[in-house]
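Here's the structure, in structure tokens; my notes come after.
The values are calculated or read from the model by the stated rules, or taken from the named source; none is laboratory data. Note that this is a predicted model, so its numbers are computed, not measured. Neighbour counts run over all protein chains shown; Cβ positions are idealised from the backbone, glycine included. Note: accessible area is taken over every heavy atom of the protein model, side chains too, but ligands, DNA and RNA are not part of it. Shrake-Rupley method; radii C 1.70, N 1.55, O 1.52, S 1.80 Å.
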Amino acid sequence: MLVNLTKQDHFTLLGFPGLHPQYYGPVSAVMFFVYLVIGFGNIFILVFVMCEKKIQKPTYLIFCHIALSDLTFGTVTLPKIIAKYWFGNSLISFYGCFVQMFFVHYLGSVQSFNLMVMALDRFISICLPMRYPVLISNTVVSVLCGISWLIPLPVMVTVVLQAVFLPFCKSNVIAQCYCDHISIMSQTCTERFLSVSTTAVSLAMFCLLLPLAFILFSYTSIIVMILKMTNANGRRKTFSTCTPQILITCLFYLPRCFVYLSNLKGFSFSLDFRSFLIMLYSLLPAAVNPVIYCFKTQNIKQSLFMKLHRARISIEQNGFPMNKVIRLE
């Protein structure tokens, strides 16, 4: 049987196939709003920590690495799907799709390792407090986060190079809002499909499950340590210091685990619902994390309120009282 091995020059992003055209505008507007939230929120965190020397500590440097990863992920994935529903442009070039696939999986892996560094920081801080100043410093955290950016690099380059040279003879439609490995590999027509997919899944599980195992160990040890405390006030204060990290970790891992376990158990979702779930667990953490940093982290919250208070005093001293309404005649 002859198989058409014509080289694809582009892919088409399917997005939400059941979405009625009358909702294209609102959906693109919502995604654009999410992109703005991700952009402004994470840029704010990066600039705020860089400018506020008081909070340039290991924990907040880790927040900056996570914010940079979130910002990059939103920039890689959202503009193309916004263009699909706003301008009707659903095409993405062949190599552009593989570049997007690389960054989608690479940034997800980087985030996973950064969360592991964050768990290590909290573990030493709470379980080994006397050794924390010796073991954890800005330099150590910067090196660990740098390693988190480096480890997935050769892994994801290998995954992309294995896939990009395969023959594609099926539909060029990507049943997703962005290019990912599963969607692209479903378009191949080669006997190597199974071996390539197995290799990719194995490498992906290494980047996700290894950090997850350490994260579970760390936070379990932390919770056990907190429960052993006899001072209720100290227990509450200690738990509050790691609440932001636990929330950020849950936002990243829980939805992913739900989707993966559903697939293993044979649960099937409609394309629209599956796309929605994937977009939700991909973008929700990037949009919500800055809020967690600001309102669940005591030092950032105090520094932010202090700056706002100083700004208010400065405005009032310049003759613009905040409690009066200036009427323009």
Applying the selection to the range 207-239, what residues are free of Cβ contacts under 8 Å to residues at least 40 places away in the same chain and over 26 Å from the mean Cα position of the chain (by Cα)? Val224, Leu227, Lys228, Met229, Thr230, Asn231, Ala232, Asn233, Gly234, Arg235, Arg236, Lys237
Can you list residue pairs whose Cβ atoms sit under 6 Å apart, with the first residue in the range 34-63 being open to solvent by less than 70 Å² (accessible area, probe 1.4 Å) and the second being in a loop (DSSP other than H, G, I, E, B)? Count only pairs 6 or more apart in sequence or on different chains. Pro58/Ile136
Residues of the range 240-272 being free of Cβ contacts under 8 Å to residues at least 60 places away in the same chain, in a loop (DSSP other than H, G, I, E, B) and surrounded by fewer than 13 Cβ atoms within 10 Å (Cβ to Cβ), in sequence order, are Lys265, Gly266, Phe267, Ser268
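Can you find a residue in the range 163-176 that is part of a helix (DSSP H, G or I) and either closer than 19 Å to Lys80 by Cβ or not charged (D, E, K, R) (or both)?
Filtering the range 163-176 down to residues part of a helix (DSSP H, G or I) leaves 163-164.
After this cut, where a residue has to be either closer than 19 Å to Lys80 by Cβ or not charged (D, E, K, R) (or both) as well, the list is 163-164.
Taking every residue of the range 163-176 in turn, at least one turns out to be part of a helix (DSSP H, G or I) and either closer than 19 Å to Lys80 by Cβ or not charged (D, E, K, R) (or both).
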Lone unmet requirement of (1) open to solvent by 10 Å² or more (accessible area, probe 1.4 Å); (2) modelled with pLDDT under 80 for Val196: (1)
Going through the range 159-185 in order, the residues found to be within 18 Å of Val201 (Cα to Cα) and of a type in the set (Gly, Ala, Ser) are Ala163, Ser183
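List the helices (runs of 4 or more DSSP H) inside the range 87-151, counting only whole elements, that have at least 1 residues being closer than 27 Å to Val49 by Cβ and acidic (Asp, Glu). Talk me through it step by step, then tell me what you get.
Working: elements: 94-127, 132-135, 138-150.
By residue number, 94-127.
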